[in-house]
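Beneath this line is the structure, given in structure tokens, with notes to follow.
The values are calculated or read from the model by the stated rules, or taken from the named source; none is laboratory data. This is a predicted model, so every value here is computed, not measured. For neighbour counting, all protein chains shown are included, and Cβ atoms are generated from backbone atoms with ideal geometry for every residue, glycine included. What goes into the accessible areas is simple: the full protein's heavy atoms, side chains included, and nothing from ligands, DNA or RNA. Shrake-Rupley method; radii C 1.70, N 1.55, O 1.52, S 1.80 Å.
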Amino acid sequence: QLVESGGGLVQAGGSLRLSCAASGLTFSAYAMGWFRQAPGKEREFVAAISRTGSTTSYTDSVAGRFTISRDNAKNTVSLQMNSLKPEDTAVYYCAANAGSIGTKQYVYDYWGQGTQVTVSA
């Protein structure tokens, strides 16, 4: 089970930190990812992190603003989001992938329910 938290309403230029708590799986055996879905749009890749945390990947639109990290001792993955823009408004989902780090939705085995992030102009 993956449970996201930390979403909310923030003004443009502000910051939010999303967290995802995992249970019922061997967390350190899974690469983790964050995806988002804006109203009327398809869900898209945001960031991913390898099982050990040594490798990360970001979509171009968030690179330099967002940072993904994980704590295998606490079974959590986080997404620090800085310099937020209105176009970052979306439901954010965390996901677990039993394979290596990936950017495609189909490689992810487990998904959370999502947390809403709204960025006002």
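Given Cα pairs under 8 Å that are at least 6 residues apart, what percent is the relative contact order of the chain? Can you show the working numbers first?
Working: 306 pairs, mean separation 44.2, N = 121.
Answer for the chain is 37 percent.
Give me the net charge for the shell around ILE49: Cβ to Cβ below 12 angstrom, other residues only, Lys and Arg +1, Asp and Glu -1. Let's see the in-between values first.
Values: positive: ARG51, ARG70; negative: ASP71.
Once positives and negatives cancel, what remains is +1.
With r defined as the distance between the Cβ atoms of ALA63 and SER23 and R0 fixed at 30 Å, what FRET efficiency is calculated, to the nearest 0.05?
Working: r = 30 Å, r/R0 = 1.00.
For R0 = 30 Å, the calculated efficiency reads 0.50.
What is the percent carbon and sulfur in the accessible area of the chain, measuring with a 1.4 Å probe over the protein chains and ignoring ligands? All intermediate terms of the calculation are to be shown ahead of the outcome.
On the way: 2780 of 5980 Å².
Here it works out to 47 percent.
Ignoring ligands, DNA and RNA, what accessible area per residue does the chain give at 1.4 Å, in Å²? Provide the component values of the computation, followed by the final result.
Details: 5980 Å² over 121 residues.
Averaged over the residues of the chain, the accessible area is 49 Å².
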Next item on the list: Please work out the C-alpha center-to-center distance from the stretch 1-32 to the stretch 35-69 and express it in whole Å.
Entry: 12 Å
Check: Could you name the aspartates and glutamates in cross-link range of LYS85, using Cα to Cα under 16 Å and dropping any fewer than eight places away on the same chain?
Finding: ASP60
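Please work out how much length the chain gains when fully extended from ALA98 to GLU42, using 0.36 nm per residue of separation minus the C-alpha to C-alpha distance, in nm with one decimal. Could the numbers behind the result be given before it?
Details: separation 56, 0.36 × 56 = 20.16 nm, distance 2.32 nm.
The span from ALA98 to GLU42 would gain 17.8 nm if fully extended.
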Next item on the list: Give the calculated FRET efficiency between GLN113 and THR56 to the nearest 0.05, with a Förster radius of 25 Å applied to their Cβ-Cβ distance.
Entry: 0.60
